[in-house]
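Please read the structure below before turning to the comments.
The values are calculated or read from the model by the stated rules, or taken from the named source; none is laboratory data. All values reported here derive from a predicted model rather than from experimental measurement. Using ideal geometry, Cβ is built from the backbone for each residue, glycine included, and neighbour counts are taken over all protein chains shown. What goes into the accessible areas is simple: the full protein's heavy atoms, side chains included, and nothing from ligands, DNA or RNA. Shrake-Rupley method; radii C 1.70, N 1.55, O 1.52, S 1.80 Å.
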Amino acid sequence: MDGRITGISGPTVTAKVGGVKLCDMVLVGHAGLVGEVVRLAGEQAIVQVYENTLGLGVGEPVVGTGGQLTVTLGPGLVSTMYDGLQRPLERVRAAVGPFIRPCRDIPPLDTAAEWRFEPDRKAGDEVGAGEVIGRIREGAFVHLITAPVPGRLGEVRSGRCTLAEPVARYADGCGIFALQKWPVRRPRPFRRKLPPVLPLVTGQRVIDFLFPLVRGGTAIFPGGFGTGKTILEQTIAKFADADLVVYVGCGERGNEMAELLEEFRTLKDQRTGASLLFRTIVVVNTSNMPVAAREASIYTAVTIAEYYRDLGLHVLLLADSISRWGEALREISSSLEEMPGEEGYPTYLSSRLAAFFERAGAVETLNGAIGSLTMILSVSPPGGDFSEPVTQACLRTTGVFLMLDAALAHSRHYPAINWAQSYSLYAAGVTGHFTARVAPAWGEMQQRCRELLQREETLREVAEIVGAEGLQDGDRLLMMTTERIRNEFLCQNAYGDDAFCAPERTAAKMGAILALYDRAEAGLKQGLSLDEALVSRVASTL
Amino acid sequence: MRLSEHRYRTVASVGGPLLFVEGVVNCRMGEMVRIIYPDGTAVAGEVLKISGQTVLIQVFGETAGIDLGAEVIFSDAVRRAPLSRSMVGRVFNGSFEPIDGLPMFIPEQWGGVNGLPINPTARACPEEFIETGFTAIDTLNTLVKGQKLPIFSCAGLPSREVAAGILRNARLAGGGEFVVVFVALGLTHHDYSFYMDALQEMHTGFVAFVNRADEPVVERLLAPRFGLACAEYLAFSCGMDVLVVVTDITNYCDALREVSTAREELPGRRGYPGYMYSDLASLYERAGRIQGTAGSVTMLPVVTMPEDDITHPIPDLTGYITEGQIVLSRELHQRGVFPPVDVLPSLSRLMQRGIGPGHTRDDHRRIADALYRHYAKGRYVRGLEAVVGREGMVEADRVMLDFADAFEAEVIGQGEARRGIGASLDAGLALLKRFSLEPP
């Protein structure tokens, strides 16, 4: 499986190499750059290199690894920061300094760290494939160590262990390790998929109340630059009601990632009181890191997320932004000289994206537990134009569409989610849940709130012509109420105490606004003027 | 290492800045070559693409006068930038050759031209306030050390006066000053001499990389990389605070498009190559601070928006990479406001960390928010005024109109004079008081 480089163009390397299969991982050049076989043609293999190819020479060796691009899964993933190829950035930094240089032999998981293995089975037991033989605790999470193939256990350890040595052995001497490898592009198996029905509380009123998310669902929020995508992603990462958050910085800004890390380190998880970092895994490929690794980064992240889902956890995957992934795909496709589709994107953009979205979902795991993987992805449409291919491809598969509006952002209305254009396909099911569990009037209030905002839209056009003074009292009252809804309810400061709002408080807030509206409206009906009705409103609230 | 120099006389074709050489064995991606013209002139080039024994070379310099008999010498090395403290005070062209009449300095070390990505875990959060002396920036869109904040301008607007004003007036929180790396891309002689005058006034010194409008387009792609290699060296090896001013990014992108088209690549939006985002990111992302290191690289690129269109690919991609933008407005300029900064579409993403107690003043956030909110309201009402007329408006709206006018004239408009952050905040506060709009 050895070969030689015959051609180089950007991140694409042509090599004369035999014995490799499509999607195999290969090591390219004397430096051993990681690459993936993307096409085979006769004796030639076209390899996508995940690192900078500058200085790579024709004639340098290409070596097949015999396997696909994989991630390493096991205890120690949590609170680590990885690049798109799952290199642990902290340890890379310790090894080669503040700038990322090619470096090898730094395993994704710390093999020297000690864990406690608690066996469920003992030597002499017959185990089937996938059967749990023991567990390792990592903070709040319990890793299940399973038998890879059926057989009789020859030796089972107990207590202190590291990832470098087996925790058990089969009778024939083969070891069972606490870590496993999984190809990033292959979804991990589960027993069956469940319909997503349980809400995922984000703590953002506009989302939870108007456009709710579910555990196992998918959401996108597209918006031009400056509309607050990153802040919204990060706020959700901090407060969402998930057991574990996998955050992918896909082609975004390095300074923002540094800020995010520091915040995660200092902020406390409001449910457990521990640092947020202990429920977070960060995968980051900033915009100046190699483009092919950016393409791989979302797959690395989703595979890690699936692994934790399989432990029976509710996992939230946040990616900022999926457009950068699409662009990486386009760059790679163009360096492979493929026939372009719309706007230069390859024609397989939408099918790849749809397949990626399908990795979300609520499942019954192989061990019978219930786990879920929810995805929230931001989209950065060029020029803020939603008709572009990535946004459109996302819209076909996603369950929640939160449209970020530049006009709202310019008037500092954050989160700048446009309430007229956004939608949630999960709303119907989740409303029932909130109505039953949180507030009996939830569904009714939601409907009224939508109606008021809708009527305001019509009235606003009239008001722009005749002036606010020219409106009837009832309409002016409505405008005042919707202004309150917009300013006090839909707006939410991501930095203050209001950053997280529990569903109970969301319901109470909306209830209060609607109650005042009803009272003033009743006043108007009794013949009071608007001012009087408002005074009576004040009087009655006092 | 090759034991002998590889020389070829097998040029197969030449077109624009690109050269195909055939029968080449063992060359490297990005390898430096020297091309000897029939008349003896030598120019530099770089390997862009290798396909078997055919090599595509990008020529840095004029290709007029070349023929197929030209000799190409392969160096077995990729391009490196010579680095030294004695760069400060010097002026170079886009190929890093001195053009100020002095001899080349002796490098202390050689560094990669493209730089290496900063490990995100090694980055220090940008949070140190930089006082630019302009209220529109300091109060409402605060710049911090390690940030990249572009100026979005339109043809005919005084972007160079704004940039020069920042060069002249920028001070660090502790009162320290910047070393400036100035990169001029495709600049006319007129603009160039304006900037050079501004640079000569710097106390702490500058390094300039100049590619003028009539100089080779390919060097336009190289000059900012040399500039940033130099900035990184001064910042992270010498511990200096470096401010990098690149003007004009639009010329850079046009050069990128020109070379991409010559390479017959598939064009993206408006003919710009599909990889323009990654390419721009490889420049902009080099700004930052590193934990445990004294220096910093702060970037101030100037982008002239074609057709005043902020959704044009160049400002659009820039905005997606940089941490905010300062947008200049033709309307304010016509009304004689300097600097003509439109604060509504302007933004500094890193402002939150750089203001308030310990950085500027405790009331900074409150004043900024109040000014912004009322001005936005005023601008909205201005739109209504065009429909219903001032007379048809309620009193409260008329007040907002006056507020917006006064805000533009007095707070944004400050002329050439430098305003400290204290004075800037006071000006904003005084205006809010006058209109009884004080923040709570």
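Scanning the stretch B:244-293 for residues that are facing another protein chain (nearest Cβ under 8 Å), touching a Leu at 6+ places or on another chain (Cβ under 6 Å) and assigned to a helix (DSSP H, G or I) yields one hit, B:Y277. Count of the stretch B:338-350 residues, restricted to those that are outside any strand (DSSP E or B) and either at the interface with another protein chain (Cβ under 9 Å from one of its Cβ atoms) or crowded, with 24+ Cβ neighbours inside 10 Å (or both), is 4.
For (1) within 21 Å of the chain's Cα centre (by Cα); (2) within 12 Å of chain A (Cβ to nearest Cβ), each residue gets a yes or a no:
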{"position": "B:V297", "(1), (2)": "yes, yes"}
{"position": "B:H333", "(1), (2)": "no, no"}
{"position": "B:H374", "(1), (2)": "no, yes"}
{"position": "B:K377", "(1), (2)": "no, yes"}
{"position": "B:A406", "(1), (2)": "no, no"}
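For B:E62, the conditions (1) of a type outside the set (A, V, I, L, M, F, W, C); (2) outside any loop (DSSP other than H, G, I, E, B); (3) more than 14 Å from chain A (Cβ to nearest Cβ); (4) under 23 Å from B:L221 (Cβ atoms) are fulfilled apart from (2).
For the stretch B:300-313, how many residues are within 11 Å of chain A (Cβ to nearest Cβ) and not in a loop (DSSP other than H, G, I, E, B)?
1
Report, by residue number, each residue of the stretch A:4-27 that is within 14 Å of chain B (Cβ to nearest Cβ) and not in a loop (DSSP other than H, G, I, E, B). Once the filter is applied, which keeps residues that are within 14 Å of chain B (Cβ to nearest Cβ) and not in a loop (DSSP other than H, G, I, E, B), the stretch A:4-27 yields A:R4, A:I5, A:T6, A:G7, A:I8, A:S9, A:T12, A:V13, A:T14, A:A15, A:K16.
Do the conditions hold for B:G383, that is, is it assigned to a helix (DSSP H, G or I), open to solvent by less than 60 Å² (accessible area, probe 1.4 Å), within 14 Å of chain A (Cβ to nearest Cβ) and closer than 17 Å to B:D342 by Cα? Criteria met by B:G383.
Here B:R390 meets the list (1) at pLDDT 90 or above; (2) surrounded by fewer than 16 Cβ atoms within 10 Å (Cβ to Cβ) almost entirely, failing just condition (1). Of all residues in the stretch A:109-151, those satisfying the criterion of being part of a loop (DSSP other than H, G, I, E, B) and either among the hydrophobic types (A, V, I, L, M, F, W, C) or open to solvent by 80 Å² or more (accessible area, probe 1.4 Å) (or both) are A:L109, A:A112, A:A113, A:E114, A:K122, A:A123, A:A129, A:A140, A:A147, A:P148, A:V149, A:P150. In the stretch A:165-230, counting only strands (runs of 3 or more DSSP E) that sit wholly within it, the ones holding 2 or more residues that are over 30 Å from B:L347 (Cβ atoms) and not aliphatic (A, V, I, L, M) span A:168-170, A:180-183, A:192-194. Scanning the stretch A:152-164 for residues that are outside any loop (DSSP other than H, G, I, E, B) and open to solvent by 70 Å² or more (accessible area, probe 1.4 Å) returns A:R152, A:E155, A:R160.
Filter the stretch B:181-217 down to the residues that are part of a loop (DSSP other than H, G, I, E, B) and among the aliphatic types (A, V, I, L, M), then identify the one that is modelled with the lowest pLDDT. Filtering first and then ranking leaves B:M202. As a summary of the residue check, A:G249 satisfies the conditions (1) open to solvent by less than 10 Å² (accessible area, probe 1.4 Å); (2) more than 14 Å from every other protein chain (Cβ to nearest Cβ) except for the one numbered (2). Scan the stretch A:406-426 for residues that are within 14 Å of chain B (Cβ to nearest Cβ) and at negative phi and jot them down. Matches in the stretch A:406-426: A:A406, A:A407, A:L408, A:A409, A:H410, A:S411, A:H413, A:Y414, A:A416. When the residues of the stretch A:335-348 are filtered to those that are facing chain B (nearest Cβ under 9 Å) and more than 27 Å from the chain's Cα centre (by Cα), which remaining residue is nearest to A:P381 (Cα to Cα)? In this case the residue turns out to be A:P340. Out of curiosity, is B:R269 within 29 Å of B:V47 (Cβ to Cβ) and in contact with a Pro (Cβ under 6 Å, 6 or more places away or on another chain)? Yes.
Okay, residues lined up against (1) part of a helix (DSSP H, G or I); (2) surrounded by fewer than 23 Cβ atoms within 10 Å (Cβ to Cβ); (3) in contact with a Pro (Cβ under 6 Å, 6 or more places away or on another chain); (4) charged (D, E, K, R):
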| site | (1), (2), (3), (4) |
| --- | --- |
| A:Q270 | no, yes, no, no |
| A:A292 | yes, no, yes, no |
| A:A301 | yes, no, no, no |
| A:G312 | no, yes, no, no |
| A:V315 | no, no, no, no |
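Could you say whether any residue in the stretch A:100-107 is within 14 Å of chain B (Cβ to nearest Cβ), closer than 23 Å to A:E51 by Cα and in a strand (DSSP E or B)? No, there is no match, as no residue in the stretch A:100-107 is within 14 Å of chain B (Cβ to nearest Cβ), closer than 23 Å to A:E51 by Cα and in a strand (DSSP E or B). So, B:R398, is that one of a type in the set (D, E, K, R) and at the interface with chain A (Cβ under 10 Å from one of its Cβ atoms) or not? In short, no.
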